[in-house]
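Take this structure first; my questions come after.
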Amino acid sequence: MAHVRLNGITKRFGAHTALENLDLEIEDGQFFVLLGPTGAGKTTTLRLIAGLEKPTAGSIEIGGVDVGDWGAAERDVALVLQQYSLYPRYTVRQNLEFPLKSNIRRMAQPDIDQRVARAAKTLRIEHLLERKVDRLSGGEMQRVSIGRAIVRSPRIFLMDEPLSNLDAKLRETLRSELKDLQMKLGATFLFVTHDQIEAMSMGDKVGVLNDGRLAQVGTPYEIYHHPRDTYVAGFVGSPAMNLLPADLLGDRMRVPSGAIEFAVGPALRARLGRSSGPITLGIRAENVHLDPAGSIEARVWGVENHGVEKIVTLKTGDCLFKATMPATIATAIDEPMRLSFDQSRLHAFDAATGLNLSLEGRALEAAE
Amino acid sequence: MTSVATKMDSLARPAQRRGLSDLGIRNLFIIPTVLFLIVFNIFPLIYSLGYSFTDFSASANAPANFVGLRNYRELLGDENIWANFVITAKYVIISVSGQMIVGFGLALLLNRTFPMKGLVTTLLLLPMMMSAAVVGLFWKLLYDPSWGIINYALGLGDFAWLSNPDAALFAIAITDIWMWAPFVMLLSLAGLSAVPKYLYEAAAIDRAGTWYTFRRITLPLVAPILLIALIFRTMEAFKTFDIAYIMSTQPTTEVIAIRLYKQAFQQWDTGKSCALAYIVLIMVLAITNIYVKYLNKVKER
């Protein structure tokens, strides 16, 4: 178990900059999820911590010690990859024993047996121990590779999209299993994913990576309810937050493309601080409600059914936005609807920088 | 229904007339090959099996007499023939193990990125592409006791590699290693590059040492292809004739193929030679079969 700290990490591959001046701190025993789209630098971060790559600049500390000159073996981390990376031709047991049998460790056979048995029990793969790994299903393979990580009780678990290759049902099961496992072991986990549901459901803390930079670090609640900028707002949440260009003039908010106009209440006004002019308005689909007395008039543009609820794309003027509705509500294409939204749930972002104005406002207040 | 059928029929027919049918093309490719194989391989094979039971001599006008198993009995009881087999075995072991070690070693060295890798690989492959006669002749020059470069470089004075009864077989084996190690290298390289990189990374993270990783990951994954190289090279080495015949006339380098050649085309003992050829064939088959069995076992694992 250990605490990990990245200080000003920059990593370049030739002319391409994968990570730019990244600072990251993972506390001991924390389940930290690094979230971002493909190519954001998640895997690179993981490989840097594992010691498979060297940073171009910056330092990495594990347990308070700078590990810059340490190889992958000395850092004592475990890495679970998307493609399972099991050793072919061996049985499950031999795979689990592999890290324990290395000369560096020199462990006695009864000790090895005990650890393998414990890991197999934790992951419920005891019945597979004598099976060859090429005879396993995807879920079983991934369990074995997680097992190979836990037998050695490493200081940090690094997981690179371990659930991406599994089917949806299995992914759900393993998701909760992994979270349970982490709590049981009390270990430090760094979990990399592009799937925001995984990030939200498993992480104690989530870091959102955008093109080599950390856009925001926070609890899943903070990330979802207080996105720091339009990038986080748009990336986290399904469906993505509606982001509409708007104008804020005094107490009037106007969305020109949608012909939406409303008075800004005192609570929202206070949150926005002194800002005015062009902004980006953000509202989550679940905060748009059907309301016969609502101020927005829109027509149904598209419907996506999700079982309990449906996501309806609506059009008003030239502007498209999404709303979540109970599945019981009848929706026909081109049907007119009246809607309203909760002002307390509105987000406003600076049109130029994309930063959340309410957070900025709060910071300004705090400074005064 | 009927109208549809007629329509399809009328569509299908012109297509057939336009060129050869699939079956026709297949026969066009296969029949010449089959004929060639029958005339030049199968027929001599069966014909020589017949001769191996006679006292036929290709140089004499006398008709062949059936002698039953006498040729085989004589050959298998002949100490000189067994001496040839021992020489051949020695040669096969030295040459093939040398090729495997050098070839696999070169492949390990080449299995990383460095400047001019392509050029170096091509240069290393050249010996394999040369004619054995050419290779034999110029290694003879290299080994020359009075002005050969090998003695000069190693400071061996006038050590006569090819006329020294003890050294000659080694000298020929070294030439063979030089010529055929690239073949092993090529196959090993294919095997090595097929080992996924993430396995090495996983092993590094699992704190496996270099030797441990090599033994537990690289070797098992490359083993099948190494065995295939071993099968090819053993078969070839067993049948070696050209290099050995060109390079040395020492009795200690008389491998079985040279013996066979002498018996067939110097003594014109055709019937007996056929029998010897069959003995060699059966031995090669037996050795190859053992390897193939083992290969299947390795693949299964």
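The values are calculated or read from the model by the stated rules, or taken from the named source; none is laboratory data. What you see is a predicted model, and the numbers here were worked out from it, not measured in a lab. Counting neighbours? That spans all protein chains shown, and the Cβs are built from the backbone with ideal geometry, glycine included. Heavy atoms of the whole protein, side chains included, go into the accessibility calculation; ligands, DNA and RNA do not. Shrake-Rupley method; radii C 1.70, N 1.55, O 1.52, S 1.80 Å.
Assuming A:TRP70 fulfils every condition listed in (1) of a type outside the set (Lys, Arg); (2) at the interface with chain B (Cβ under 8 Å from one of its Cβ atoms); (3) surrounded by fewer than 17 Cβ atoms within 10 Å (Cβ to Cβ) apart from one, which condition is it?
(2)
Provide a single number: the residues in the stretch A:101-122 that are at the interface with another protein chain (Cβ under 9 Å from one of its Cβ atoms) and of a type in the set (A, V, I, L, M).
The first filter runs over the stretch A:101-122 and keeps only residues at the interface with another protein chain (Cβ under 9 Å from one of its Cβ atoms), leaving A:101-105.
Filter once more, so that each one left must be of a type in the set (A, V, I, L, M): A:104.
Count: 1.
Is one or more of the residues making up the stretch A:196-205 of a type in the set (S, T, N, Q), without any contact (Cβ under 8 Å) to a residue 24 or more places away in the chain and either buried (at least 18 other Cβ atoms within 10 Å of the Cβ) or not assigned by TED's automatic domain parsing to the domain that holds A:ALA119 (or both)? Show your work before the answer.
Step one: filter the stretch A:196-205 for residues of a type in the set (S, T, N, Q), giving A:196, A:201.
Among the residues that remain, those that are also without any contact (Cβ under 8 Å) to a residue 24 or more places away in the chain are: none.
The answer is no, given that none of the residues of the stretch A:196-205 is of a type in the set (S, T, N, Q), without any contact (Cβ under 8 Å) to a residue 24 or more places away in the chain and either buried (at least 18 other Cβ atoms within 10 Å of the Cβ) or not assigned by TED's automatic domain parsing to the domain that holds A:ALA119 (or both).
Quickly run through the stretch A:226-266 and pick out the residues that are under 17 Å from A:CYS319 (Cβ atoms), under 30 Å from the mean Cα position of the chain (by Cα) and either part of a strand (DSSP E or B) or aromatic (Phe, Trp, Tyr) (or both).
Within the stretch A:226-266, A:ASN242, A:LEU243, A:LEU244, A:PRO245, A:ALA246 qualify.
Look at A:PHE235 and say whether it is under 30 Å from A:GLY354 (Cα atoms), surrounded by 22 or more Cβ atoms within 10 Å (Cβ to Cβ) and not small (Gly, Ala, Ser). Please lay out each step first, then the result.
Values: under 30 Å from A:GLY354 (Cα atoms): yes; surrounded by 22 or more Cβ atoms within 10 Å (Cβ to Cβ): yes; not small (Gly, Ala, Ser): yes.
Answer is yes for this residue.
Considering every residue within the stretch B:250-273, establish whether at least one is within 12 Å of chain A (Cβ to nearest Cβ), small (Gly, Ala, Ser) and surrounded by 15 or more Cβ atoms within 10 Å (Cβ to Cβ).
Scanning the stretch B:250-273, I find no residue that is within 12 Å of chain A (Cβ to nearest Cβ), small (Gly, Ala, Ser) and surrounded by 15 or more Cβ atoms within 10 Å (Cβ to Cβ), so the answer is no.
Looking for something open to solvent by 10 Å² or more (accessible area, probe 1.4 Å), assigned to a helix (DSSP H, G or I) and without any contact (Cβ under 8 Å) to a residue 12 or more places away in the chain - is there at least one such residue anywhere in the stretch B:167-184?
no
Next question, about the same structure. Among the residues of the stretch A:104-134 satisfying the criterion of being open to solvent by 90 Å² or more (accessible area, probe 1.4 Å) and more than 32 Å from the chain's Cα centre (by Cα), which is nearest to A:GLY186 (Cα to Cα)? Walk me through it before giving the result.
Within the stretch A:104-134, the subset open to solvent by 90 Å² or more (accessible area, probe 1.4 Å) is A:104, A:106, A:110, A:114, A:118, A:121, A:124, A:126-127, A:130-131, A:134.
Adding the requirement that they be more than 32 Å from the chain's Cα centre (by Cα) leaves A:104, A:106, A:110, A:114, A:127, A:130-131.
Numbers: A:ILE104: 25, A:ARG106: 26, A:PRO110: 25, A:GLN114: 20, A:HIS127: 26, A:GLU130: 29, A:ARG131: 30 Å.
Applying the filter and picking the extreme gives A:GLN114.
Next question, about the same structure. Do we find that A:GLN94 is surrounded by fewer than 19 Cβ atoms within 10 Å (Cβ to Cβ), within 13 Å of chain B (Cβ to nearest Cβ) and in contact (Cβ under 8 Å) with a residue 60 or more places away in the chain in this structure? Before you say what the answer is, go through the steps one by one.
On the way: surrounded by fewer than 19 Cβ atoms within 10 Å (Cβ to Cβ): yes; within 13 Å of chain B (Cβ to nearest Cβ): yes; in contact (Cβ under 8 Å) with a residue 60 or more places away in the chain: no.
Answer is no for this residue.
So, one more: Can you say whether A:GLY212 is more than 27 Å from A:VAL144 (Cβ to Cβ), buried (at least 18 other Cβ atoms within 10 Å of the Cβ) and under 14 Å from the mean Cα position of the chain (by Cα), as far as the supplied structure shows? Walk me through how you get there before you give the answer.
Working: more than 27 Å from A:VAL144 (Cβ to Cβ): yes; buried (at least 18 other Cβ atoms within 10 Å of the Cβ): yes; under 14 Å from the mean Cα position of the chain (by Cα): no.
Here the answer is no, as A:GLY212 does not meet what is asked.
What do you reckon, is B:TYR198 within 14 Å of chain A (Cβ to nearest Cβ), over 22 Å from B:ILE246 (Cβ atoms), open to solvent by less than 50 Å² (accessible area, probe 1.4 Å) and of a type in the set (Phe, Trp, Tyr)? Break it down into steps so the answer makes sense when it comes.
On the way: within 14 Å of chain A (Cβ to nearest Cβ): yes; over 22 Å from B:ILE246 (Cβ atoms): yes; open to solvent by less than 50 Å² (accessible area, probe 1.4 Å): no; of a type in the set (Phe, Trp, Tyr): yes.
No.
Can you run down the residue pairs with Cβ atoms below 7 Å, 6 or more apart or on separate chains, where the first is in the stretch B:72-93 and touching a residue at least 40 places away in the same chain (Cβ under 8 Å) and the partner is of a type in the set (Phe, Trp, Tyr) and open to solvent by less than 30 Å² (accessible area, probe 1.4 Å)?
B:THR88/B:PHE238; B:VAL92/B:PHE238
Within the stretch B:206-221, track down each residue that is in contact (Cβ under 8 Å) with a residue 40 or more places away in the chain and either more than 8 Å from chain A (Cβ to nearest Cβ) or aromatic (Phe, Trp, Tyr) (or both).
We begin by selecting, within the stretch B:206-221, every residue in contact (Cβ under 8 Å) with a residue 40 or more places away in the chain; these are B:220.
None; the set is empty.
(1) under 30 Å from A:PRO227 (Cα atoms); (2) among the small types (Gly, Ala, Ser); (3) away from every other protein chain (no Cβ under 13 Å): which one isn't true of A:GLY64, the others all being true?
Of (1) under 30 Å from A:PRO227 (Cα atoms); (2) among the small types (Gly, Ala, Ser); (3) away from every other protein chain (no Cβ under 13 Å), only one is false for A:GLY64: (1).
Could you say whether any residue in the stretch A:312-319 is open to solvent by 20 Å² or more (accessible area, probe 1.4 Å), touching a helix residue (DSSP H, G or I) at 6+ places or on another chain (Cβ under 6 Å) and acidic (Asp, Glu)?
yes
Moving to a separate point now. Tell me, please, whether a residue that is in contact with a strand residue (DSSP E or B) (Cβ under 9 Å, 6 or more places away or on another chain) and within 30 Å of B:SER52 (Cβ to Cβ) can be found in the stretch B:71-89.
At the first step, the residues of the stretch B:71-89 found to be in contact with a strand residue (DSSP E or B) (Cβ under 9 Å, 6 or more places away or on another chain) are B:71.
Next, only the ones that are within 30 Å of B:SER52 (Cβ to Cβ) stay: B:71.
So far as the stretch B:71-89 goes, yes, one or more of its residues are in contact with a strand residue (DSSP E or B) (Cβ under 9 Å, 6 or more places away or on another chain) and within 30 Å of B:SER52 (Cβ to Cβ).
Identify all residues within the stretch A:159-182 that are of a type in the set (A, V, I, L, M) and touching a residue at least 40 places away in the same chain (Cβ under 8 Å); write none if there are none. Before you say what the answer is, go through the steps one by one.
Here is the first cut: in the stretch A:159-182, the residues of a type in the set (A, V, I, L, M) are A:159, A:163, A:166, A:168, A:170, A:174, A:178, A:181.
Hits for the stretch A:159-182 are A:MET159, A:LEU181.
Let me confirm something: among A:SER153, A:SER145, which residue is within 20 Å of A:ASN95 (Cα to Cα), surrounded by fewer than 17 Cβ atoms within 10 Å (Cβ to Cβ) and more than 15 Å from the chain's Cα centre (by Cα)?
Numbers: A:SER145 fails: surrounded by fewer than 17 Cβ atoms within 10 Å (Cβ to Cβ).
On inspection, the qualifying residue turns out to be A:SER153.
Right, another one. Cβ contacts < 7 Å: first residue under 13 Å from A:SER257 (Cβ atoms), restricted to the stretch A:295-318; second residue among the polar types (S, T, N, Q), any location; separation 6+ or different chain. Result?
A:ILE296/A:THR316; A:ILE296/A:SER340; A:ALA298/A:THR316; A:GLY317/A:SER257; A:ASP318/A:SER257
If you check A:GLY186, A:GLY294, A:GLY250, which single one turns out to be small (Gly, Ala, Ser) and either in contact with a helix residue (DSSP H, G or I) (Cβ under 9 Å, 6 or more places away or on another chain) or closer than 21 Å to A:THR324 by Cα (or both)? So that I can check it myself, show each step before the final result.
Values: A:GLY186 fails: either in contact with a helix residue (DSSP H, G or I) (Cβ under 9 Å, 6 or more places away or on another chain) or closer than 21 Å to A:THR324 by Cα (or both); A:GLY250 fails: either in contact with a helix residue (DSSP H, G or I) (Cβ under 9 Å, 6 or more places away or on another chain) or closer than 21 Å to A:THR324 by Cα (or both).
Just one listed residue meets the conditions, A:GLY294.
Could you say which residue among B:LYS140, B:LYS117 is under 20 Å from B:ILE172 (Cβ atoms) and among the charged types (D, E, K, R)?
Working: B:LYS117 fails: under 20 Å from B:ILE172 (Cβ atoms).
Sole residue among the options that is under 20 Å from B:ILE172 (Cβ atoms) and among the charged types (D, E, K, R): B:LYS140.
What's the number of the only condition in (1) within 22 Å of A:THR173 (Cα to Cα); (2) open to solvent by 40 Å² or more (accessible area, probe 1.4 Å); (3) within 14 Å of another protein chain (Cβ to nearest Cβ); (4) not in a loop (DSSP other than H, G, I, E, B) that A:GLN83 fails to meet?
Checking A:GLN83 against (1) within 22 Å of A:THR173 (Cα to Cα); (2) open to solvent by 40 Å² or more (accessible area, probe 1.4 Å); (3) within 14 Å of another protein chain (Cβ to nearest Cβ); (4) not in a loop (DSSP other than H, G, I, E, B), the one that fails is (4).
Being under 30 Å from B:VAL134 (Cβ atoms) and crowded, with 21+ Cβ neighbours inside 10 Å: is that true of B:LEU276 here? Walk me through how you get there before you give the answer.
Numbers: under 30 Å from B:VAL134 (Cβ atoms): yes; crowded, with 21+ Cβ neighbours inside 10 Å: yes.
Judged against the criteria, B:LEU276 is a match.
Provide a single number: the residues in the stretch A:276-311 that are polar (S, T, N, Q) and open to solvent by 30 Å² or more (accessible area, probe 1.4 Å). Outline the logic, then answer.
Of the residues in the stretch A:276-311, the ones polar (S, T, N, Q) are A:276, A:280, A:287, A:295, A:305.
Filter again for open to solvent by 30 Å² or more (accessible area, probe 1.4 Å), leaving A:276, A:295, A:305.
So the answer is 3.
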